[in-house]
Amino acid sequence: MSRFYPKSDLRTLLYAALRIGLGLYLLIHAVIGLMDMDNFMLTALSYLEEDSSIAFLAYLTPIIPFMEFFLAVMILTGIYTKAALQWATGIGVFFMLMFHYLDDFPSALEHAYTVVIKLTLIIGIYYNKFSLDYYNLWNVKKEVKTIEQKPQ
């Protein structure tokens, strides 16, 4: 259990609030994209011209809301939090750079803000007490204690 901060104090509560806030933001963003997939596709494809050097990204566009939904649920519940945050950070950096390349600076700045939040959560992963990761380790620790206490 040394991977997590053992106390329930302001640091763990702030971490949980920030993680849940990011997870909800990503989840709502993904659900909006999934509910109105036609509009999402039209908007996303409007960035990519056919003769552009990044036109091949048009084939990957339909999976974006699904990836975002999957990562949002993982971040929101706190299961495999570090891996989910690392993937979300990588995807966020990719889109931040892509929007910067396409001269859509407001979208690039929005992605930059979320990347900063994701990096903050990765750095403070030690305070991820209110999560399924912590709960799973806590259950394993209890089971190990009961196994060790059984008479041989």
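Throughout, read-outs are computed from the coordinates displayed, never taken from laboratory work. Everything numeric in this text was worked out from a predicted model, so none of it was measured. Quick reminder, even Gly has a Cβ in these numbers, built from the backbone with ideal geometry, and neighbours come from all protein chains shown.
Can you tell me the relative contact order of the range 10-149? Whole percent, Cα pairs under 8 Å, sequence separation 6 or more.
Relative CO of the range 10-149 lands at 30 percent.
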All other residues with a Cβ under 11 Å from the Cβ of W87 taken together, and with Lys, Arg as +1 and Asp, Glu as -1, what is their net charge?
+1
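Starting from the Cα-Cα distance between S8 and H29, subtract it from 0.36 nm times their residue separation and give me the gain in nm to one decimal.
Between S8 and H29, full extension yields 4.5 nm more.
Expressed as a fraction of 2.2 N^0.38 Å, the rule-of-thumb size for a compact globular protein of N residues, what is the C-alpha radius of gyration of the chain?
Values: Rg = 19.3 Å, N = 152, 2.2 N^0.38 = 14.8 Å.
That ratio works out to 1.30.
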Around H29 (Cβ within 13 Å, Cβ-to-Cβ, excluding H29; K/R +1, D/E -1) the net charge comes to -3
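Need one word for the range 1-83: rounded, prolate or oblate. Basis is the Cα gyration tensor (sqrt eigenvalues a ≥ b ≥ c); a/c below 1.5 gives rounded, then a/b vs b/c decides. Before the final figure, lay out the partial values.
Details: a/c = 3.58, a/b = 2.60, b/c = 1.38.
Prolate, because a/c is 1.5 or more and a/b exceeds b/c.
Taking neighbour counts of Cβ atoms within 10 Å as a proxy for exposure, in what order, fewest first, do S107, S131, S8 appear? Walk me through the intermediate numbers first.
Working: S107 15, S131 24, S8 11.
Ranked by crowding around the Cβ, least crowded first: S8, S107, S131.
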Return the whole-Å distance between the Cα centroid of the range 84-152 and the Cα centroid of the range 1-46.
10
Tell me, what HN-Hα J-couplings in whole Hz come from the Karplus equation 6.51 cos²θ - 1.76 cosθ + 1.60 at θ = phi - 60° for each residue of the range 37-48, using x for Gly and Pro?
4, 4, 5, 4, 5, 4, 5, 5, 6, 5, 6, 9
Go through L34, I117, F95 and say which Cα lies farthest out towards the positive end of the charge dipole of the chain; charges sit on Cβ, +1 for Lys and Arg, -1 for Asp and Glu.
I117
Any chance you could count the Lys pairs in the chain whose alpha carbons are under 18 Å apart, treating pairs 8 or more apart or on different chains as valid?
10
Would you please name the GluC sites (Glu not before Pro) within the range 11-88 that are DSSP coil residues with at most 14 other C-beta atoms within 10 Å of their C-beta?
E49, E50
Most mobile of L76, L85, L42 in a GNM of the chain (Cα contacts under 10 Å)
L42
So how strong a dipole does the chain carry about its Cα centre when Lys and Arg Cβ are +1 and Asp and Glu Cβ are -1, to the nearest 20 debye?
1480
Where does helix 105-123 land angle-wise versus the long Cα axis of the chain, in degrees 0 to 90, nearest 10?
10
